[in-house]
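Chemist: Once you've had a glance at the structure underneath, I'll fire off some questions.
The values are calculated or read from the model by the stated rules, or taken from the named source; none is laboratory data. Owing to the predicted nature of the structure, the values given are computational and were not obtained by experimental measurement. Because the Cβ atoms are built from the backbone with ideal geometry, glycine has one as well, and the counts that use them run over all protein chains shown. Ligands, DNA and RNA are excluded from the accessible area calculation, which covers all protein heavy atoms including side chains. Shrake-Rupley method; radii C 1.70, N 1.55, O 1.52, S 1.80 Å.
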Amino acid sequence: MRITFSVIKADIGGYAGHSDSHPEVMAKADECLAKAKQDGLLIDYHVTKCGDDVQLIMTHEQGEDNEKIHQLAWDTFIEGTEVAKKLGLHGAGQDLLADAFSGNVRGMGPGCAEMEFEERGSEPVIVFMADKTSSGAWNLPLYRMFADPFNTIGLVIAPNMHDGFYFEVHDIKEGKKITFNTPEEIYDLLIFIGAPSRFMIRTVRHRKTNDIAAVSSTQRLALIAGRYVGKDDPVCIVRAQGNFPAVGEVLEPFAVPILVEGWMRGSHHGPLMPVSIPDSTPTRFDGPPRVTAAGFQIQDGKLVGPRDMFADKSYDNARQKAIDIADFMRQHGPFEPHRLPLEEMEYTTMPEVMKKLEGRFTDIEPGRG
Ligand code: F6R
Ligand code: MG
Ligand code: MG
């Protein structure tokens with residue numbers, strides 16, 4: 001059976017501040033998707049959250065970028081926003097940047113990752129969701145899962161993965177894309193994906209079968225809006241087992257917290273802490289950034305699950321390390337590298353401060369600098 005797995009998410013209001021999603025907003029989203037399932041548009045769905053982001057996880061047979069599915073997600077967020085407004089939630093409707101829906105949620109604010117595939121006999125899928133970080137945060141974990149034998153031993157000893165994977169990388173500033181073949185092009189690949197604020201892994205495919213293995217949301221809110229309106233808080237869908245890394249290999253990159261951008265006012269680097277879904281409540285300095293993982297088995301398009309994958313005790317050390325890194329990074333206060341470099345601050349207060357002080361900058365006399 002050929003199915004489409006869609007994850008569409010948005011921050012439509014938080015409480016208190018940007019730290020969590022309200023149960024009534026999620027209940028409204030559940031109600032909207034239940035109706036769509038009843039009407040036959042969806043095969044199945046699951047509504048969850050990561051911090052202040054509401055996540056719509058949906059299976060259907062409409063294909064990727066389908067107008068009806070995107071309209072459903074948009075309308076669900078609009079209805080959720082009404083509840084958020086009624087409750088006086090913070091930033092109600094903040095990610096809905098367009099006035100009205102026009103065919104596809106891409107470019108309208110919500111984040112979106114979708115993949116269409118022929119369901120296998122056993123189809124394990126992991127949905128990663130992050131809060132307080134930007135699209136591009138999946139570059140390092142996806143590289144580890146699909147190209148690093150120190151993470152994924154299957155690349156070395158499983159014959160069905162030994163040929164490697166294709167990585168499609170998007171340059172979101174220039175609007176261009178390129179595909180790299182791994183393992184032979186990993187050095188070229190790393191030059192680009194090591195700069196995740198501009199170059200993002202959009203998809204990973206199996207080299208022999210060309211089957212889709214992973215897809216991430218690459219929308220950047222700041223580029224869509226031209227100013228800072230909240231962080232992207234991206235999602236990523238990964239298929240596991242068989243021709244793909246085992247579930248444990250897919251989760252392994254998160255055993256060591258990496259530094260990502262997006263903490264406090266979207267303007268700071270901080271550790272990406274793997275947490276259970278109930279623990280995705282960024283509070284300290286509005287963070288530190290979180291990642292959750294919902295695991296499903298798919299059967300005839302039905303979602304069996306989720307299992308809350310990072311609730312596992314084996315991630316306790318990663319959490320402790322993340323907290324220690326958070327302490328260390330916070331000591332830098334308003335200084336880089338805790339604060340983002342200037343190019344990234346371009347979407348925050350920097351242009352306004354520059355404008356205000358324009359007249360007070362004078363030339364440095366030659367030889368006096
Ligand atoms: C970071 C984030 C928060 C807000 C901060 C200010 O991604 O969401 O750190 O940027 O709390 O929020 P506002 O501008 O809504 O008062
Ligand atoms: Mg928010
Ligand atoms: Mg968020």
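Chemist: For a 32 Å ceiling on Cα separation, which of these pairs sit above it: Lys9/Lys173; Lys132/Lys208; Lys37/Lys86; Lys176/Lys208; Lys86/Lys313; Lys177/Lys313?
Modeler: Lys132/Lys208; Lys86/Lys313; Lys177/Lys313
Chemist: I'd like to know which of Thr218, Thr179, Leu189 lies farthest towards the positive end of the charge dipole of region 147-297, counting +1 on Cβ of Lys and Arg and -1 on Cβ of Asp and Glu.
Modeler: The residue sitting farthest along the positive end of the dipole is Thr218.
Chemist: Go through region 111-120 residue by residue and turn each phi into a ³J(HN,Hα) via Karplus (6.51, -1.76, 1.60, θ = phi - 60°); whole Hz please, and just put x for glycine and proline.
Modeler: Each residue of region 111-120 in turn: x, 8, 9, 9, 9, 10, 7, 7, 5, 7 Hz.
Chemist: Percentage of Cα-Cα pair distances in the chain greater than 27 Å, rounded to whole percent? Don't skip to the end; give the middle numbers.
Modeler: On the way: 31503 of 67896 pairs.
Value for the chain: 46 percent of Cα pairs lie more than 27 Å apart.
Chemist: With r defined as the distance between the Cβ atoms of Glu358 and Glu82 and R0 fixed at 41 Å, what FRET efficiency is calculated, to the nearest 0.05? All intermediate terms of the calculation are to be shown ahead of the outcome.
Modeler: On the way: r = 42 Å, r/R0 = 1.03.
That gives a FRET efficiency of 0.45.
Chemist: Check which residues have an amide H placed less than 5 Å from Met273's amide H, if you skip close sequence neighbours.
Modeler: Arg290, Val291
Chemist: So what is Rg over Rh here for region 46-92, counting just Cα atoms and using Kirkwood for Rh?
Modeler: Working: Rg = 12.3 Å, Rh = 12.0 Å.
In region 46-92, Rg relative to Rh is 1.03.
Chemist: I've got another one for you. To the nearest µm²/s, what D does Stokes-Einstein give for region 154-198 at 37 °C and 0.692 mPa s, using the Kirkwood radius over alpha carbon pairs as Rh?
Modeler: Numbers: Rh = 11.6 Å.
Taking Rh from Cα pairs, D becomes 283 µm²/s.
Chemist: Determine the dipole magnitude for the chain: charges of +1 sit on the beta-carbon of Lys and Arg, -1 on that of Asp and Glu, nothing else is charged, the reference point is the Cα centre, and the result goes in debye to the nearest 20.
Modeler: Roughly 480 debye for the chain.
Chemist: Then there is this: Please list Ser122, Ser216 in order of solvent-accessible area, largest first, computed with a 1.4 Å probe with all protein chains present.
Modeler: On the way: Ser122 70, Ser216 5 Å².
In descending accessible area the options line up as Ser122, Ser216.
Chemist: When a/c reaches 1.5 or more, the comparison of a/b and b/c decides; with that in mind, is region 1-118 rounded, prolate or oblate per its Cα gyration tensor?
Modeler: Working: a/c = 1.96, a/b = 1.67, b/c = 1.17.
It comes out prolate by the Cα gyration axes.
Chemist: Spelling out what I want: for every residue of region 249-259, take phi, set θ = phi - 60°, compute 6.51 cos²θ - 1.76 cosθ + 1.60 (Karplus), and round to whole Hz; glycine and proline get x.
Modeler: 6, 5, 7, 4, x, 8, 6, 10, x, 9, 7
Chemist: Assign unit charges at the C-beta atoms only (+1 for Lys and Arg, -1 for Asp and Glu), then state the dipole size of region 146-208 relative to its Cα centre in Debye, rounded to the nearest 20.
Modeler: Result for region 146-208 is approximately 260 debye, rounded to the nearest 20.
Chemist: From the residues Ala318, Ile43, Val238, which one has its Cα farthest along the dipole of the chain in the positive direction, the dipole being from +1 and -1 charges on Cβ of Lys/Arg and Asp/Glu about the Cα centre?
Modeler: Looking along the dipole axis, the top candidate is Ala318.
Chemist: So what's the projected area for region 113-247, the Cα convex hull averaged over all directions, in nm²?
Modeler: Here the figure is 8.1 nm², rounded to one decimal.
Chemist: What FRET efficiency do you get for Gln299 and Val156 if R0 is 35 Å and r is their Cβ-Cβ distance, rounded to the nearest 0.05?
Modeler: The formula returns an efficiency of 0.65 here.
Chemist: Taking amide H positions as placed in the peptide plane 1.01 Å from N, state which residues far from Arg339 in sequence (5 or more) or on other chains have amide H under 5 Å from it.
Modeler: It is His269, by chain and number.
Chemist: On to the next question. What shape does region 175-284 have by the C-alpha gyration tensor, where a ≥ b ≥ c are the square roots of the eigenvalues, rounded means a/c under 1.5, and otherwise prolate means a/b greater than b/c and oblate the rest?
Modeler: It comes out oblate by the Cα gyration axes.
Chemist: Net charge within 12 Å of Lys302 by Cβ-Cβ distance, Lys/Arg positive one each and Asp/Glu negative one each, not counting Lys302 itself?
Modeler: Every neighbour counted, the sum reads -3.
Chemist: Cβ under 11 Å from Ile153's Cβ, Ile153 left aside: what net charge do those residues give with Lys, Arg +1 and Asp, Glu -1?
Modeler: Value of the local net charge: -3.
Chemist: Still on this model: Using the Cα centre as the reference, give the magnitude of the dipole from point charges on the C-beta atoms of region 1-118 (Lys, Arg: +1; Asp, Glu: -1; all else neutral), rounded to the nearest 20 debye.
Modeler: Charge dipole, region 1-118, about its Cα centre: 220 debye, nearest 20.
Chemist: Taking the Cβ of Gly109 as the centre, find all other residues whose Cβ is under 15 Å away and add up their charges (Lys, Arg: +1; Asp, Glu: -1).
Modeler: Surrounding charge for Gly109 is -3.
Chemist: Alpha carbon centre of region 307-365 versus region 167-214: separation in Å?
Modeler: For region 307-365 versus region 167-214, the Cα centre distance is 26 Å.
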